[in-house]
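Below you'll find the structure, written out as structure tokens, and then a few comments.
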Amino acid sequence: MHNIRIGIIGVGNCASSLVQGINYYRHKDSEDAIGLMHWEIGGYKPCDIEVVSAFDIDKRKVGKDTAEAIFAEPNCTTVFYKDVRKIGIRVRMGKIMDGFSEHMRDYDDKYTFVLADEPEPDMGEVVRVLKESGTEILLNYLPVGSEEATRFYAECALEAGVAFVNNMPVFIASDPAWAKRFEEKNIPIIGDDIKAQLGATITHRTLTDLFKKRGVKLERTYQLNTGGNTDFLNMLNRIRLLSKKESKTEAVQSVAAKRLDDGAHEPGVAPFSGGFPQFRRYCH
Ligand SMILES: NC(=O)c1ccc[n+]([C@@H]2O[C@H](COP(=O)([O-])OP(=O)(O)OC[C@H]3O[C@@H](n4cnc5c(N)ncnc54)[C@H](O)[C@@H]3O)[C@@H](O)[C@H]2O)c1
């Protein structure tokens, strides 16, 4: 079996955790693999995953080796494995589109995206990179609200014959028209939106399920998320937040004994409690 060759769209905090994890677990065994739900799937272990392509639009990441870019600002996720080995895969300039929201210009570089001034690739260029690098699975980690950009990269995956894992809430895998296009080409598609290992949504969902099992009638429920990373800064533009709200609401509704009335479940996102200047840097 050869390695699983992945491509990354958006070398942000999630990508940093993933790449650190691949390196961290290389030195562990199944007994000592805390943090994983499954040590091995179909004969593959975490260390069998190999990053072979990566795209971003931030000038502190584009052009760098992926092993360095994952630690570049504004990434702020916990560094649990700093000796990530360089892999010679440079982060390429991506297509910006709506991946960058104008309100992100209003914040200090340390916290926000800073656009690279490299020329942006067209679809043909991205497809060429995916094919030449041997990418088999493309992981989408774009900011919430990147509707156009997500569709652009999904289209590139289709064109290149590469599987697509959509880790954020733009509806691709759950859109029957998109799902059908992947199915017709016999290309796997997974999504949409992931859950943090032990974050607010999975906790909310587990409690909702517990209430059902123990005969408790759930009439109303809400969830407040507080954060201090770019994912939350990006969501200060409330229009971008709509898909995230839908995704989180459905995650809870799907385990409720009875579907709650509209508005009875509120995944309010309070991105920076106390206002941005005093926000506490909090990362997953
Ligand atoms: N962390 C979690 O537990 C979790 C859970 C569910 C969903 N998600 C979703 O995963 C996504 C990624 O989260 P994150 O914390 O890594 O975000 P992040 O802000 O740290 O990373 C996003 C990255 O995308 C890059 N980018 C922006 N536009 C781009 C473009 N057009 N092309 C290429 N790169 C571009 C940014 O420069 C940045 O590096 C978000 O949509 C988030 O909501 C995360």
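The values are calculated or read from the model by the stated rules, or taken from the named source; none is laboratory data. Bear in mind that the values here come from a model prediction, so they are computed numbers and not experimental data. All Cβ positions, glycine included, derive from the backbone under ideal geometry; neighbour counts span all protein chains shown.
Worth a mention:
- The single condition among (1) away from the ligand (no atom under 16 Å from the Cβ); (2) of a type outside the set (Ser, Thr, Tyr); (3) without any contact (Cβ under 8 Å) to a residue 40 or more places away in the chain that LEU36 does not meet is (1).
- For segment 117-159, a residue qualifies if it is near the ligand (Cβ under 9 Å from one of its atoms), in a loop (DSSP other than H, G, I, E, B) and crowded, with 20+ Cβ neighbours inside 10 Å, and the qualifying residues are TYR141, LEU142, PRO143, VAL144, GLY145, SER146.
- The criterion of at least 1 residues that are more than 16 Å from the ligand (Cβ to nearest atom) and at pLDDT 95 or above is met by the following helices (runs of 4 or more DSSP H) wholly inside segment 166-245: 176-184, 200-213.
- Residue match in segment 53-60 (condition: aromatic (Phe, Trp, Tyr) and within 22 Å of GLU120 (Cβ to Cβ)): yes
- Evaluation of ASN75 against (1) in a loop (DSSP other than H, G, I, E, B); (2) at pLDDT below 95 (one fails), failing number: (2)
- Residue check for ALA251: away from the ligand (no atom under 16 Å from the Cβ), at pLDDT below 85 and in contact with a Lys or Arg (Cβ under 8 Å, 6 or more places away or on another chain): no
- Residue within segment 151-167 that is among the aromatic types (Phe, Trp, Tyr) and either farther than 29 Å from LEU233 by Cβ or in contact with a Gly (Cβ under 7 Å, 6 or more places away or on another chain) (or both) present: no
- All of ASP58, ASP65 fail the test of being farther than 17 Å from ASN140 by Cβ and touching a residue at least 24 places away in the same chain (Cβ under 8 Å), apart from ASP65.
- Matching residues in segment 166-203 - criterion: being closer than 23 Å to THR78 by Cβ and buried (at least 19 other Cβ atoms within 10 Å of the Cβ): ASN167, MET168, ASP193, THR201
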